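Down below is the structure, laid out as structure tokens.
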Amino acid sequence: MFMKTKEKLLQLLVSCQNEWVSGEDIAQDLQISRAAVWKAVNSLRNEGYIIDAVRRKGYRLVSETDVLSELGIWQYLNPECKMLDIQVLQEVGSTNEMLREKAISGCPEGTVLVAAMQTDGKGRMGRRFYSPADTGVYMSILLRPVSIHSSKALRLTTMAAVAVCEAIESVSGKSALIKWVNDVYVDSKKVCGILTEGSVSLETGSLDYAILGVGINIYCPENGFPAEIENIAGYIFDEKERDVRNKISASFLNNFFKYYLNGDFDSYIAEYRRRSFVIGKKIEVINGEESRNAVAVDVDSSCQLIVRYEDGTSEHLSAGEISIRL
Ligand code: BTN
């Protein structure tokens, strides 16, 4: 990745943690003039970075700074993920929709869109996904799996759910669990939703491409969540913390591609089961207007939910909705 002066400066300020670094040292380090340092500082400030400047001390990145950026994500990526083509947008209608257009125009696997806000975020079942500014991460990844039958698409979604849990845990230390099929919960509240969309070849039944859309609520939105989701939706951090949106984005990508690239789609299933908090619980299986009482017995090797109804019959669910009292 080619780094501009302001990106090199950012890296330097991040590496200094909360320490001051003088303008002279920065100028020497980056081989630029003091005036160029000042220009780069202002350019970062315009992007939202909070940088203190004090005469005779120098510059310091304020610890609550949490700006979503390409470099910000890139610096935390594992080497296998450095080839991802990541674009960060401050605002977009829907990252899934924008990426679909890119997929149709031939963009390769590994094209990633990350937004700080969506005006028209899409959720499952035709619902909207609340995506306010600067408190979440809204990301879509373009995948072109080689000859994967569309019936296996569920695995991409469930793999992503495991990767989100691992990312949340490694960055926040909080434990994250999965409500089948792909909602991630922290402290009994939904903090992440996943929507996988795709195009299937009618000839072979295999996936042409898949768009994996992941929305994570990092902080509480400024005015809270809308009434219709306020009892369900939650967030991960109470206070702003340095760089957590970049860290969670990168950690999610690292974990997801760890599973996806090794080609062994089964390796994450044990982890999915372990984190699945519906197994063994009484649930309702919702099908349109109807709902049936059941017990969630297990998750099978294709990540379908095995349920047993009150009449003793069983079913393996591959899609749809369940409800559980928390
Ligand atoms: C759900 O819980 O219903 C799924 C929500 C998926 C939201 C993500 S945010 C990034 C991507 N772009 C969208 O428009 N939706 C997905």
### Query
What is the chain's relative contact order, in percent, from Cα pairs under 8 angstrom and six or more apart in sequence?
15
## Note on the structure
With +1 at each Lys and Arg Cβ and -1 at each Asp and Glu Cβ, the charge dipole magnitude of the chain around its Cα centre, to the nearest 20 debye, comes out at 720
## Note on the structure
Which of Lys82/Lys179; Lys102/Lys190; Lys8/Lys82; Lys122/Lys240; Lys102/Lys122 exceed 21 Å between C-alpha atoms? The answer is Lys82/Lys179; Lys102/Lys190; Lys122/Lys240
### Query
Where does helix 153-172 land angle-wise versus the long Cα axis of the chain, in degrees 0 to 90, nearest 10?
50
### Message
Run through the stretch 1-105 and list the GluC sites (Glu not before Pro) located in a DSSP loop whose Cβ has at most 14 other Cβ atoms within 10 Å.
### Response
Glu19, Glu47, Glu64, Glu91
### Kirkwood-based Rg to Rh ratio, the stretch 5-61, C-alpha trace
0.90
#### Entry: Per DSSP, loop GluC sites (Glu not before Pro) in the stretch 271-326 with at most 11 further Cβ within 10 Å
Glu289, Glu310
### Query
Across all directions of projection, what mean area in square nanometres is found for the Cα convex hull of the stretch 54-192?
11.3
#### Entry: Mean projected area (nm²) of the alpha-carbon convex hull when the chain is viewed from all directions
18.3
### Message
Using helices alone, I'd like the mean residue ellipticity at 222 nm for the chain: each DSSP H run of four-plus residues gives -39500 (n - 2.57), total over residue count, nearest 500.
### Response
-8500 deg cm²/dmol
### Message
Among Val137, Ser69, Tyr260, which residue has its Cα furthest toward the positive end of the charge dipole of the chain, with +1 on Lys/Arg Cβ and -1 on Asp/Glu Cβ?
### Response
Ser69
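Quick note: the coordinates plus some simple rules give every number you see, no bench work behind them. Just so it is clear, the model here is predicted, and its values are computed rather than measured. Don't worry about glycine lacking a Cβ; one is built from the backbone with ideal geometry, like all the others, and counts go over all protein chains shown.
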